[in-house]
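Visitor: My questions all concern the structure below.
Read the figures in this text as sums done on the coordinates, not as results from a lab. A quick note: this is a predicted structure, and the numbers were derived from the prediction, not measured. Neighbour counts are summed over all protein chains in view; Cβ atoms, including those assigned to glycine, are modelled from backbone coordinates with ideal geometry.
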Amino acid sequence: MNCTFQTITSNHHKCSRCGFEIKILQDPAKIYRQCEKIKQDTIPTSPSLGEKIVNFANSMVEYAQSGFEDVTDEEHNKRMDICKGCEFFQAGTCQKCGCSCNFKSRMKAMKCPIGKW
């Protein structure tokens, strides 16, 4: 899970969970950092390579059946914001299904494996 930053001053932000502080002129909602408060043993492991291959193949079939239709940029950004705040998001990958969040969230036929979008 990512840090939840609160603004102290315009360029000073602090995570409300782990206390990590960063000084940067950026919207705190767009700062992504894995929160140190979350213990490593609570982070789910990614599916096996075989499971990833099956998940990817099934996703591609669904995407092809939909006519390769993508969501709007606005919808894609909404989906990515949800992914980035999810406990299964790690280094751009969904640890639940093993897919690239950026790639999967662009495809209109795709759904979050735990129903968040």
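Visitor: Quick one: helix 49-65 against the long Cα principal axis of the chain, what's the angle to the nearest 10°, folded into 0 to 90?
Guide: Tilt of helix 49-65: around 70 degrees.
Visitor: Between the helical axis of 73-84 and the dominant principal axis of the chain, each derived from Cα atoms, what acute angle in degrees is found, rounded to the nearest 10?
Guide: Between the helix axis and the principal axis of the chain, the angle is about 70 degrees.
Visitor: Once you have the Cα-Cα distance between M60 and A91, take 0.36 nm times their residue separation minus that, and quote the gain in nm to one decimal.
Guide: The M60-A91 span can extend by a further 9.0 nm.
Visitor: Which whole-percent values make up P(r) of the chain when all C-alpha to C-alpha distances are grouped in 5 Å steps starting at zero?
Guide: That works out to 2, 11, 18, 19, 17, 13, 9, 6, 3, 1, in percent per bin.
Visitor: What ranking do I24, I82 get, fewest neighbouring Cβ atoms within 10 angstrom at the top?
Guide: With the fewest neighbours first, I24, I82 line up as I24, I82.
Visitor: Please sort by residue number the GluC sites (Glu not before Pro) in segment 8-117 whose DSSP state is loop and whose Cβ has at most 15 other Cβ atoms within 10 Å.
Guide: E36, E69, E87
Visitor: Excluding residues fewer than 8 places away in the same chain, name every one of the aspartates and glutamates whose C-alpha is closer than 13 Å to that of K14.
Guide: Leaving aside aspartates and glutamates fewer than 8 places away in the same chain, those within reach of K14 are D27, E36.
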